[in-house]
Each structure stands twice: as structure tokens, then as C-alpha cells.
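J.: Here it is, the structure, as C-alpha cells.
The values are calculated or read from the model by the stated rules, or taken from the named source; none is laboratory data. Predicted, not measured: the structure shown is a model, and the values here were computed from it. Here the Cβ is made from the backbone with ideal geometry for all residues, glycine too, and neighbour counts use every protein chain on show. With ligands, DNA and RNA removed, areas are computed over all heavy atoms of the protein, side chains included. Shrake-Rupley method; radii C 1.70, N 1.55, O 1.52, S 1.80 Å.
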Amino acid sequence: MAIISKVSAQKRPGRYNVFLDDKYAFSASEKTLAEFVLLKGKELTDEDIAEIQKFDADAKASDLAARFLSYEPRTVYEVLQYLKKHEISDEAANSAVSELTELGFLNDDQYVQIFIQNDLRVGNDGARSLTQKLSQKGVDPEIIQTHLDEVAEEDWITVAQRVIKSMHHQVGKLSAREISQKVRTKLMSHGFDDGLSQAVLNELDFEGSEDEQKEALKRQGIKAYKKFRRYDKSEQKFKIKRYLYSHGFSSSEIDAFLNGEIIDLDELEEY
């Protein structure tokens, strides 16, 4: 049996040092002092001290976790990692997580639902990217997939259209085939699968009018000419062909350009 001989405040606000029989024994929060009425003269057994220290560790973990959650919603994994970084024991961390889960402040299922809905509203991630981001936050794959399965295809298409909104400005500058490929590449980089990319292309018109396609051919043809103007006519023609083909133009379109049907080839000298 030990007797509390002194309780003194630390420099850290809300923390106190407890002395037993004139020797420092442990530190405790103001909440712990109040919970166990730790005043000078009170007798404590070894069991009492162990209980107090466990309560204090759990309270510290809960306070840290609650503060972490006050900034924005978190997953269980994120909270556990945060507490680990602050050198909270696994036992205290798990106790804090259980407490916050029971109080409704921690809920991975709800977190995923909000995360996905936010992306559908203002984000630019497809299902694959969302899966990767949520997995990094330690969410159970089954929870992720359950909520992704609830999203309608038209909602994904809306997000995808937001991602490629700027691509419409390429009509008349690039061939329809090149725009289509760039659209697919961009959507895949944002986590959309090929099937959805095709659905988006079907929804939107990137073909442009015949005049816009000719304008794109003219623009790219001039670029090719300027790029290869130093070569002799035969090699220049070959390189222009290869350049235009790599940019999505058909053989007939390329021939039309080289035959002077899109722009008088004599005018190219002006560029």
C-alpha cells in the first residue's frame, strides 16, 4: 500500500505528476485525477495503480484519436496508424478505436459510401482508382466492392465526362482517331476500364464535322512539313506520311494532303 504524497502540474497543460511516498510514481491527465479522485493522502494498492495507468493510457489514446477525427473523417486503419506514430500501445489504440466505433465516430462502411459519393459529385476517379485509394486507407476490399457495385453506369459516365471535358477543344486540331485514343488513355489513367471508356465515346461526339477533320489534317500536315522540310522530297514525303498516320489519319486523308487537296503544297513554303 502506497500513499499519495504530492500531485504537481507538468508544463504540459492538463498533465500531472503523482508522487507516492515522496517518490515520483506516474503521470496522469486531469480526467484521470478526477475519475480516481487522486488527492494527497489517498492510499493506492498495486492493483489500483495498474488500473489508473490503464485508464490514463486509454483516455490519452481516445483523446488523440478524437482530435485526429475532428479535422476530417478517417478509417479505422488511419486512426490506428496515427496512434502508433504517437507511441500509443496496441491495447490502448484498439480500446480507443472500439470506443469511437461504438459512439459512431468511426465507421469504414459509412466512410467508403461518403468517399465514393463525393467523387461522383466533384471528383475525377474511376472505380479502379477509388479502389486503390481506399485500399491504401486500409479499408476491407469487400466493403469497397459492395459500394462500387451500387454505382450506376450513368454516374460513372458523368465523372468520366468531367475528366475529358477539355478534350472537346481538340476537335479540329487532332484527328478523330487520335482524340479517341487520347480520351481512352486519359480515362484509363483515372481508373476507368475500357468498357466504360467506350461508353463515354459513344455518348460524346469527337468525330467532328468533315470540315473540322480537314482542318485537323491541315494543321497536322503543316506541322509535319515544318518538321521534315530539310529532307529531300522523297524522304520528306515518307516521313510526313508516317507522321500523319501515327496521328490517326487514314491513308486516303494522307494522300489527299500530299496531293494538295487540303492545302496547296506551294503554300507550305510560307510556313
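J.: Is it the case, given these coordinates, that residue 218 is of a type in the set (Lys, Arg) and without any contact (Cβ under 8 Å) to a residue 24 or more places away in the chain?
T.: Taking the combined requirement at face value, the residue does not satisfy it.
J.: What pairs come out if I take residues in region 131-145 that are in contact (Cβ under 8 Å) with a residue 40 or more places away in the chain and on the phi < 0 side of the Ramachandran plot and pair them with residues that are outside any loop (DSSP other than H, G, I, E, B) and surrounded by fewer than 17 Cβ atoms within 10 Å (Cβ to Cβ) whose C-beta lies under 7 Å away, six or more apart or interchain?
T.: Taking only residues 6 or more apart or on different chains, the pairs are 137/77.
J.: Which numbered condition in (1) modelled with pLDDT of 90 or more; (2) buried (at least 16 other Cβ atoms within 10 Å of the Cβ); (3) over 21 Å from residue 74 (Cβ atoms) is the only one that residue 170 fails?
T.: All conditions are met except number (1).
J.: Output the number of the condition that residue 196 fails; it satisfies all remaining conditions of (1) modelled with pLDDT under 90; (2) under 21 Å from residue 213 (Cβ atoms).
T.: Going through (1) modelled with pLDDT under 90; (2) under 21 Å from residue 213 (Cβ atoms) one by one, residue 196 breaks only (2).
J.: Is it the case that region 115-126 has a residue that's in a helix (DSSP H, G or I), over 20 Å from residue 74 (Cα atoms) and either touching a residue at least 12 places away in the same chain (Cβ under 8 Å) or within 18 Å of the chain's Cα centre (by Cα) (or both)?
T.: No, there is no match, as no residue in region 115-126 is in a helix (DSSP H, G or I), over 20 Å from residue 74 (Cα atoms) and either touching a residue at least 12 places away in the same chain (Cβ under 8 Å) or within 18 Å of the chain's Cα centre (by Cα) (or both).
J.: Consider residue 4 against the criteria (1) surrounded by 13 or more Cβ atoms within 10 Å (Cβ to Cβ); (2) in a loop (DSSP other than H, G, I, E, B); (3) touching a Lys or Arg at 6+ places or on another chain (Cβ under 9 Å): it satisfies all of them except one. Which criterion is unmet?
T.: The failed condition is (2).
J.: Which of the residues that make up region 181-200 are surrounded by fewer than 18 Cβ atoms within 10 Å (Cβ to Cβ) and part of a helix (DSSP H, G or I)?
T.: If the condition is that a residue be surrounded by fewer than 18 Cβ atoms within 10 Å (Cβ to Cβ) and part of a helix (DSSP H, G or I), then 181, 182, 184, 185, 186, 188, 189, 194, 195, 198, 199 are the ones that fit.
J.: Take region 7-18 and flag every residue that is open to solvent by less than 40 Å² (accessible area, probe 1.4 Å) and either under 16 Å from residue 51 (Cα atoms) or over 47 Å from the mean Cα position of the chain (by Cα) (or both).
T.: Result: 18, single match.
J.: Here is a further query. In the list 109, 63, 56, which residue meets the criterion of being open to solvent by less than 30 Å² (accessible area, probe 1.4 Å) and not small (Gly, Ala, Ser)?
T.: The conditions single out 56.
J.: Sticking with this one: Scan region 136-158 for residues that are farther than 15 Å from residue 109 by Cβ and not in a loop (DSSP other than H, G, I, E, B) and report the count.
T.: 7
J.: Can you spot a residue in region 141-162 that is open to solvent by 20 Å² or more (accessible area, probe 1.4 Å), of a type outside the set (A, V, I, L, M) and touching a strand residue (DSSP E or B) at 6+ places or on another chain (Cβ under 9 Å)?
T.: Checked region 141-162: no residue is open to solvent by 20 Å² or more (accessible area, probe 1.4 Å), of a type outside the set (A, V, I, L, M) and touching a strand residue (DSSP E or B) at 6+ places or on another chain (Cβ under 9 Å).
J.: Here's a follow-up. Can you name every residue in region 219-245 that is in a helix (DSSP H, G or I), over 17 Å from residue 169 (Cβ atoms), of a type outside the set (A, V, I, L, M, F, W, C) and open to solvent by less than 80 Å² (accessible area, probe 1.4 Å)?
T.: Hits for region 219-245 are 221, 225, 235, 236, 239, 243.
J.: A further question on this structure: Give all pairs with beta carbons closer than 8 Å in which a residue from region 181-205 that is more than 19 Å from residue 155 (Cβ to Cβ) meets a residue that is among the acidic types (Asp, Glu) and part of a helix (DSSP H, G or I); count only pairs at least 6 apart in sequence or on separate chains.
T.: Between residues of region 181-205 that are more than 19 Å from residue 155 (Cβ to Cβ) and residues that are among the acidic types (Asp, Glu) and part of a helix (DSSP H, G or I), the close pairs are 184/194.
J.: Which residue out of 132, 117, 110 is under 20 Å from residue 154 (Cβ atoms) and of a type outside the set (Gly, Ala, Ser)?
T.: 117
J.: Can you find even one residue in region 99-112 that is modelled with pLDDT under 95 and more than 15 Å from residue 58 (Cβ to Cβ)?
T.: There is at least one residue in region 99-112 that is modelled with pLDDT under 95 and more than 15 Å from residue 58 (Cβ to Cβ).
J.: For region 17-111, give me every one of the helices (runs of 4 or more DSSP H) that falls completely inside it and has 2 or more residues that are more than 24 Å from residue 5 (Cα to Cα).
T.: Of the helices (runs of 4 or more DSSP H) lying wholly inside region 17-111, those with at least 2 residues that are more than 24 Å from residue 5 (Cα to Cα) span 46-71, 76-85, 90-102.
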